[in-house]
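Every number in this text was worked out from the coordinates using simple rules, so none of it is lab data. The shown structure was predicted, so the numbers you read here are calculated from the model rather than taken from an experiment. No Cβ is skipped: glycine too gets one built from the backbone with ideal geometry, and neighbour counts run over all protein chains shown.
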């Protein structure tokens, strides 16, 4: 071998029949170009994305980063106080603790695991806790109210078990408080957390906003709710607060003044006690409601926290404590004889001096209608008929006037839809009814009989009146024929919407009825109120037959007799005679109103 390479280059070229040196170089060059282009493209994409993040979406991304670092914590505003006509507090706010969840701090699975433990402590169903989180979204950074007004029995175990958990926050805040417990509950109503519909209707509401649900709390909510504030805080990567950056102070709600008199309201509710019924007292000149009691009642403080199943079952019991009986229709019994008197004289069928013969009973179409005392009172006029509450007298008056006139003048006096219940802003209120023959046939599908007229003339049968309407009826008689519009907000008094409406009742008719009602107290069925303890008043008792049950007790009144200022209507279900159960409640209200003191004889 003479220094030759063991591999002859020519041999390589000869065997590589498809390639030449120039071709191989070109191929390598092309690969380099492709690699360079690919690398340049990738860098270009990175550059474009960086430009997009920095230049196009820079502001957005900066806000997002700030949102992760900063958090707004709502500060509840104290609801405005509700006070009576003298400024006495009926509803106010107090310091309480609430627990909130921060949904995004845990996964849905983690929340589902911890919810049963929270349920046991907070006495809130597990599904309710999860439902709130799902409604808000598990990714939400906004706090979700789980339970307000924590009791010590909730607060202590909550802090012991979950005190270090960043997904829960316990805050001190304002809570609603009703210092007199159940007093005026049917008027005040109650509060609750804003629903999804509430939040959609009011975008300014934060999650957990507390709003009025029923009663004055709802009617006056725009004044009472105030404006919630905010704390701007900085948090670290674990969500722990590091510093407070600023605060927007909440604005407390405005106080709302009612026409109620706290002392009179207490008197009415105490007098009713645990009996089912209602009592209403109002100003005969303005329609301002001084007292409106309904029994049984409930404690609105229940609704300042989560209502348990046991609480709700108690509220749904048979005697229905949530029902405002002052706005429910009752057969008015003999108190309706005021309407029958008005219809007899107003129809022109009788005059103020007309007299009729009374007897132990009258028989019509084979049916006998009895006098309540078993015997007649001879030939008497309207004053005596009211004083003695003669059924046979008013049977005849009702038949002379006719059902259409009874309905017409009843509405004129305030029964059956002639007062504006919207002014009250209360839930579940009804008007009474005084149907005409045409209305009876349309509603019940049966014709009108003469017996319907006879029954209606003494407040039985198809006629119904609410205690509030009966108080308006008495006011109309007492004040000279002006039908007042009852209301609860002091700001409504003496405004165009509450101006009394002049009725078509003749002054002479009103004078006769007023004198007759005063005679009821002087020498008739209401003599118990003529005891010298209070000024002389006028009134009318009613004992109402209820099929299958004891009689209802009714009483309506105005006072003082010479210059009427207030009117009262009372019903006690299954209370028996009007003079026995209902009239004493009116007497107690008059005592408080006139600041009278019971004498030693009555105190025994």
(message) Applying a 10 Å radius around every beta-carbon, put 551-563, 535-547, 386-398, 301-313 in order of their mean neighbour count, most first.
(response) 386-398, 551-563, 535-547, 301-313
(request) With runs of 4+ DSSP H residues as the only contributors, calculate the mean residue ellipticity of the chain at 222 nm using -39,500 (n - 2.57) per run, divided by the residue total and rounded to the nearest 500. (result) -11000 deg cm²/dmol
(request) Could you tell me how many degrees, from 0 to 90 and to the nearest 10, lie between the Cα long axis of helix 337-346 and the main elongation axis, the longest principal axis, of the Cα atoms of the chain? (result) 70 degrees
(request) Note the angle between two axes, namely the Cα long axis of helix 108-122 and the longest principal axis of the Cα atoms of the chain, as a number of degrees from 0 to 90, rounded to the nearest 10. (result) 30 degrees
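Compare the peptides 506-514, 104-112 by average per-residue count of other Cβ atoms within 10 angstrom and give them in order, highest first. List each step's numbers first, then the result.
On the way: 506-514: 18.2, 104-112: 14.3.
Put in order of decreasing packing, that is 506-514, 104-112.
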(message) Quick check on packing: order 373-381, 580-588 by the mean number of other C-beta atoms within 10 Å, highest mean leading.
(response) 580-588, 373-381
(message) Taking the 0 to 90 degree range and rounding to the nearest ten, how far is the long axis of helix 21-51 tilted relative to the main principal axis of the chain, both from C-alpha atoms?
(response) 30 degrees
(message) Taking 8 Å as the Cα distance limit and 6 or more residues as the minimum spacing, I'd like the relative contact order of the stretch 182-310 as a percentage.
(response) 25 percent
(request) Specify whether the C-alpha gyration tensor of the chain places it in the rounded, prolate or oblate class, a ≥ b ≥ c being the square roots of the eigenvalues: rounded for a/c under 1.5, otherwise prolate if a/b is larger than b/c and oblate if not. (result) prolate
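Got a sec? How would 202, 487 order by Cβ neighbour count within 10 Å, fewest to most? Could you put the intermediate results ahead of the total?
Numbers: 202 14, 487 24.
The most exposed by this proxy come first: 202, 487.
Shape call for the stretch 70-257 from the C-alpha gyration tensor, a ≥ b ≥ c root eigenvalues: rounded (a/c under 1.5), prolate (a/b greater than b/c) or oblate?
On the way: a/c = 1.89, a/b = 1.59, b/c = 1.19.
In terms of gyration-tensor shape, prolate.
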(request) Arrange 568, 415 by Cβ neighbour counts within 10 Å, fewest through most, would you? (result) 415, 568
(request) Determine, for 228, 409, the number of other Cβ atoms within 10 Å of each Cβ, and report the residues in order from fewest to most. (result) 228, 409
